[in-house]
Amino acid sequence: MKSKGKVLALVLLFSVLISMLGCTVIPGGNTADPQTGGNATNDTSGAVEQTKGFQTTFGSRNFGDTTITVEVFDRSNAPEGSTVVDNKWVDYINESMGKVGIKVQFVAVPRSEEVSKVQLMMASGTGPDLMLSYTSAVVEGFYNDGGTVDLAPYIDGADQARNLKQYISEQCLNVGRNAQNELWGVAAKRSTTARQNLFIRKDWLDALGLAIPTTVDELYHVLDQFKNNNPEGKTNVIASSFATCNSGYPAGVMSYAFMKSVMDETTFNINSGSTTDLIYTDDGFAEYMRFMNKLYNNGLIDTEYYVNNDFGQTVKEYFVNGQLGCFEEGVNYNVDNLRGSLLQNLKASNPNAEFISISPMKNVNGGKVYNNGYPVNGAFVFVPKTCKNVEAAVTYLDWMATKEGGFAIFHGFEGEHFKYDDAGTPCIIDTQYNAADKDWTRHDLFLVGNQGYYQTTEEFAKATSKELPGFEQYVLNNYENATVGIVKNETTFTAPTYTKMNAEISLIQDEYFVKLITGSAESFDKTLAEFKEKLKNLDYDKIIQERTEHYK
């Protein structure tokens, strides 16, 4: 009897342990089977019914009274009476999400401090439930360090996040997936992969009797004339400003006129993980840096660029003040109202000024035109492990992929903000009204898309041009020039060693890019050799080997 009693006690204890291990509690009162990932939801009779997979498609579940927190970029551009966390569109979001029992609170992060603020919040465990960053190495690093949630169980199931998957596509979703099929982030879909333009003062060209340059040598001659024979008699001209002056920026379209990697797809993919990869592997990119050195030593770029803490703002000031002759920046930068309507402001003081985009310069190694393009994704949205309800957070992303969600956030409401043309393209009604009412915040609220809610690149270009009455042709020309020639899309793979060594590499890059550009022409080769040796000591051979294994 005693042995039977002991056996019975062990059986009961084993049963209790199995029940404890077999069902884990989900915040909000529901339970989930860790083997199936399924929810247990209470029906009206109080019985518990297992469902297959988490419920993250908007409308498939009511969350009762759940609050989620969401990061939003603050660009200090909110109109009077509004903030990025308290405005008409925040109210609209909460009205819509309230239908499924979710309340959304926003956490503002300065756009210019994106990476540092996100890193601080992750380190302190104070981040919101949905966070974002444009830097894939940072986001994947958080996951590899165990700080963020694998979103695959919440998105991959057939009935999970259906709107989100339909909108951003499997190709885009997989950008945030690792070799183990884990999903460390949701990659926002780009409406277009057009990335950059090369801009030039067309009225200065005309006044000097110069043609639009098509080669590096022609461009150098133009820049020299802009500075030293300025048609307006200006003495404070900044003839050019290229992306590499801001050393944290990826290789700009101007560098593609020198690079050798662009001529072979596999070589390009291996070498182009970052500008540091290129300086280590591509002799052509080193020649681009030598060209930058020549510009600097001849006074054709800003001689104080390296002490400027807000390089982008300085470029805008040079532009509007009529000091800038040529520069490379984001596609459509010259007229985009989000970037400050620069040409419009310049024309207010100088109606004859013309700052247009042109085709990239021909590559010095073969004469072809190469363009740089974005990958299919933009920013990454991720969920820290401090999130108390991942299902609700992913459901919010799923709603953002719907017409009532992201489309309305970006385009507004038919009849108030836009009307459809005969082709079904949303066209704005009143630019000034939209700018004050929604345009200042729409890009930052629309988390699952970059540059707007559009189905095709053609629809995007046409609709975008309609947003700038009087400047439509500038917009169309900008997107055409950003995609002319052979487009090389930025790669998305991050070598594990690069993720590990990123901080040290960035410090060395910042130091030596300045030395390469500002040093004497005679010291360039020595400085380049020193730079490469320091990178070698930071395991750069291993980084390139990892990229080689991945792409081959």
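FYI, it's all coordinate maths here, none of it is from the lab. If you're wondering where the values come from, they're calculated on a predicted model, not measured in any experiment. Neighbour counts are summed over all protein chains in view; Cβ atoms, including those assigned to glycine, are modelled from backbone coordinates with ideal geometry.
Quick look at the numbers
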{"read-out": "Subset of Lys117/Lys552; Lys88/Lys165; Lys462/Lys552; Lys165/Lys552; Lys99/Lys438 violating a 32 Å alpha-carbon distance limit", "value": "Lys117/Lys552; Lys462/Lys552"}
{"read-out": "In the stretch 288-333, the GluC sites (Glu not before Pro) that fall in loop regions by DSSP, at most 15 other Cβ within 10 Å", "value": "Glu304"}
{"read-out": "Shape box of the chain [Cα atoms, principal axes, largest first, Å]", "value": "106, 60, 37"}
{"read-out": "Rounded Å value of the spacing that divides the Cα centres of the stretch 120-151 and the stretch 195-272", "value": "37"}
{"read-out": "Of the DSSP H helices in the chain, those whose Cα atoms cover at least 27 Å axially and whose Kyte score averages 0.0 or more", "value": "2-22"}
{"read-out": "DSSP beta bridge pairing in the chain, given as percent antiparallel to the nearest 5", "value": "60"}
{"read-out": "Computed helical MRE - 222 nm, the chain, DSSP H runs ≥ 4 contributing -39500 (n - 2.57), nearest 500", "value": "-12500 deg cm²/dmol"}
{"read-out": "Met263-Thr457 FRET efficiency (beta carbon distance; Förster radius 22 Å; 0.05 resolution)", "value": "0.30"}
{"read-out": "Near-label residues of the stretch 177-216 by backbone N, under 15 Å of a point 7 Å along Cα→Cβ of Lys234", "value": "199-208"}
{"read-out": "Label-reachable residues, the stretch 76-104, where backbone N falls under 17 Å from a point 7 Å from Glu113's Cα toward its Cβ", "value": "76-78, 84-85"}
{"read-out": "Extension gain, His550 back to Leu507 (0.36 nm per residue minus Cα-Cα distance, nm)", "value": "12.9 nm"}
{"read-out": "Mean separation of Cα contacts under 8 Å (6+ apart) over length of the chain, as relative contact order %", "value": "20"}
{"read-out": "Whole-Å distance, taken between Cα centres, linking the stretch 405-462 and the stretch 319-388", "value": "20"}
{"read-out": "FRET efficiency estimate (nearest 0.05) - Cβ-Cβ, Ile212 to Asp283, R0 30 angstrom", "value": "0.60"}
{"read-out": "Whole-number percent relative contact order across the stretch 196-373, with pairs defined as alpha carbons under 8 Å at least 6 apart", "value": "40"}
